[in-house]
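The values are calculated or read from the model by the stated rules, or taken from the named source; none is laboratory data. None of these values were measured; they are calculated from a predicted model. All Cβ positions, even for glycine, are placed from backbone atoms using ideal geometry, and neighbour counts span all protein chains on display. Surface accessibility is based on the protein's heavy atoms, side chains included, excluding ligands, DNA and RNA. Shrake-Rupley method; radii C 1.70, N 1.55, O 1.52, S 1.80 Å.
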Amino acid sequence: MWINGFYPLSCAALLLAALEGAASPATLLAMLATLWINVVLHELGHAVTTCATGGAVTGLKLYPWHGVTTVQRPEGHLAYAAVVAAGPALGIAAALGGIALLSMAVGPVVLGSAVAAMHAMLWLGIADNALNLIPVGVLDGRRLLREVSAWRVERARHSLPQRHEWEVVPTAPPVAVGTRRRVALRPAWLRACV
């Protein structure tokens, strides 16, 4: 099981606040509620975009610190890239909206209050959703990069001249027994030139 780095960080912040007595139970509840809402909105971003692009949501699991949306992929690489990007986009937009609402409703944030805790968790939510776009591991960024790259390769393949046959030619002999040969694509008409 993989756990995002944001969640242990937020757990440590909650634990520290509780142990030092700096946070009242209302403040801790506000922090947890803010975190939970951010996770729910992130996963709903994936789910709603899946339905909008022609896919189907086969499962939505919410855990205390993260969620998993299982989808039947919509057709096309860009459609699935939109599904992947929708979670972080909605999470960031919702957190920015929450910060704006808190600022308008309350005014200057007083440190040590439940509003200050919610404000801090919203900023952590923005950071979490932004870090989720890094293309490594099981993060959304890796899937987004894979889909956009596949779309670009597919588009490049379709832009190749169709009037010529293409052939696979070896570029180097195998280095050792059982190794793969390096190959390249070239137009069949170049065979007469070589």
Hydrodynamic calc, the range 31-138: Kirkwood Rh from Cα pairs, then Stokes-Einstein at 4 °C with viscosity 1.567 mPa s, so D in µm² s⁻¹ is 89 µm²/s
THR70's amide H: which non-local residues (gap 5+, or another chain) put their own amide H closer than 5 Å, with H modeled 1.01 Å from N in plane and none for Pro or chain starts? THR58, GLY59, LEU60, LYS61
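Compute the signed sum of charges (Lys and Arg +1, Asp and Glu -1) over the other residues within less than 12 Å, Cβ to Cβ, of ASN129.
Value of the local net charge: -3.
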FRET efficiency, 1/(1 + (r/R0)^6) with R0 41 Å, evaluated for LEU131 and THR58 via beta carbons: 0.95
Charge tally in the Cβ shell below 12 Å around LEU90, where Lys, Arg are +1 and Asp, Glu are -1, LEU90 excluded: -2
Whole-number accessible area per residue in Å² for the range 24-133, which is evaluated in the context of all protein chains at 1.4 Å: 49 Å²
